[in-house]
1. Give the calculated FRET efficiency between residue 291 and residue 184 to the nearest 0.05, with a Förster radius of 35 Å applied to their Cβ-Cβ distance.
2. About its Cα centre, how strong a charge dipole does the chain have in debye, to the nearest 20, once Lys and Arg get +1 and Asp and Glu get -1 at the Cβ?
3. Dipole of the range 46-168 (Lys/Arg Cβ +1, Asp/Glu Cβ -1, origin at the Cα centre): which of 57, 136, 109 lies farthest to the positive side?
4. Choose one of 39, 186, 236: the residue whose Cα lies farthest towards the positive end of the charge dipole of the chain (beta-carbon charges +1 Lys, Arg; -1 Asp, Glu; about the Cα centre).
5. Can you work out ³J(HN,Hα) from phi for every residue in the range 17-31, in order, using Karplus 6.51 cos²θ - 1.76 cosθ + 1.60 and θ = phi - 60°, giving whole Hz and x for Gly and Pro?
6. When the expected Rg is taken as 2.2 N^0.38 Å, what fraction or multiple of it is the alpha-carbon Rg of the range 231-293?
7. Quick check: the distance between the Cα centres of the range 63-96 and the range 241-281, to the nearest angstrom?
8. Defining a contact as two alpha carbons under 8 Å apart and six or more residues distant in sequence, what relative contact order in percent does the chain show?
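Just so you know, all these numbers are worked out from the coordinates, no wet-lab data involved. For clarity, every value in this text was computed on a predicted model and none was experimentally measured. With ideal geometry, Cβ positions are generated from the backbone for all residues, glycine too; neighbour counts draw on all protein chains shown.
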Amino acid sequence: MSDWAIAAGGVRKAFGEAVVLDGIDLTVAERTVFALLGPNGAGKTTIVRILSTLIPADAGELRVAGRDVGADPDGVRAAIGVTGQFSAVDDLLTGRENVRLIADLKHFGREAARARVDELLGRFDLLEAADRPASTYSGGMRRRLDLAMTLVDSPPVIFLDEPTTGLDPRSRRTMWEAIRGLVAEGTTIFLTTQYLDEADHLADRIAVLDHGRIVAEGTPAELKRRVPGGHVELEFASATTLRAAADLLEAATADEERLALRVPEDGGVASLRRLLATLEEGGVEVEHISIHRPDLDDVFFAVTGGATEEALASR
Ligand SMILES: Nc1ncnc2c1ncn2[C@@H]1O[C@H](COP(=O)(O)OP(=O)(O)O)[C@@H](O)[C@H]1O
Ligand SMILES: [Mg+2]
């Protein structure tokens with residue numbers, strides 16, 4: 001297992017009666033991004049905590065950065081950085097003081113610490129806000145500060161537990177760029193996420209976690225091939241127009257009750273134009289159009305035949 005940055009076999013963990021991880025096998029090649037994709041409660045944080053030595057597994061073999069997690073937890077700790085779902089940022093300190101604290105804990109010399117802190121603050125676009133208390137930071141700034149703190153001593157393996165959950169789209173993009181930058185430098189990243197598009201953008205390989213088991217694993221392309229593509233939903237003012245449109249679009253499925261038509265469609269501009277042109281030429285008026293991209297629920301439906309519990313609850 002020594003060529004892998006991370007290798008886990010037969011990992012089990014129960015809290016009391018509740019089996020949270022039920023035999024997990026996974027490997028992550030060096031200098032790649034691995035995304036563990038799963039809904040709330042799937043066991044993502046639990047596996048991150050086990051791999052990063054915070055809690056022990058009940059069973060299984062675990063190696064991180066060439067060290068055995070059980071036998072050499074200190075060695076593992078020295079080789080990893082962890083950014084948790086809940087931030088390690090101290091609100092009372094400024095951004096600069098937060099990063100400096102870590103540099104001091106890692107025994108950087110005075111000058112080296114100052115240079116490293118400035119470099120990291122600059123890299124994550126935090127120089128301007130560096131001397132404000134972290135309590136005044138936005139969610140996206142806090143996540144970036146947290147990541148800067150994780151990177152002080154350039155660990156070769158980094159765990160990012162839901163780094164963008166709760167962030168607005170712009171902050172997500174900034175975080176994605178920061179993560180891509182790390183990969184380009186040769187860091188190995190173990191990422192957890194609830195978003196298919198995030199895993200798709202960032203990961204070399206994706207594993208889908210469901211009820212403590214990995215139910216699918218592969219490259220983003222392999223995974224998406226198993227998931228039905230996106231679709232466009234068209235809504236109409238009357239049953240007559242709905243039927244006229246359905247006659248024009250062979251691949252569509254009609255929902256008579258909602259006066260809606262679902263058309264398999266990748267959402268690309270060219271094909272949307274063709275779709276609308278077909279309807280216009282046929283003299284059919286569309287009231288409303290919406291584009292649906294495949295998401296976690298579609299993945300779950302494809303690989304487990306069932307919806308996520310959240311999707312079920314919201315139905
Ligand atoms: N310390 C703990 N004690 C008891 N149950 C726990 C503990 N930590 C996690 N769990 C349970 O394990 C399951 C998986 O949790 P978690 O790993 O946090 O999932 P995720 O990060 O995918 O949302 C959940 O049902 C959670 O309630
Ligand atoms: Mg979690």
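1. Numbers: r = 31 Å, r/R0 = 0.89.
Computed FRET efficiency for residue 291 and residue 184: 0.65.
2. Numbers: 35 positive and 52 negative charges, 205 e Å.
The dipole of the chain has a size of about 980 debye.
3. 109
4. 186
5. 7, 7, 7, 9, 10, 10, x, 9, 10, 7, 9, 10, 6, 4, 6
6. Normalised by 2.2 N^0.38 Å, the Cα Rg of the range 231-293 equals 0.98.
7. Cα centroid of the range 63-96 versus Cα centroid of the range 241-281: 51 Å apart.
8. Numbers: 581 pairs, mean separation 60.3, N = 315.
With pairs under 8 Å counted, the relative contact order is 19 percent.
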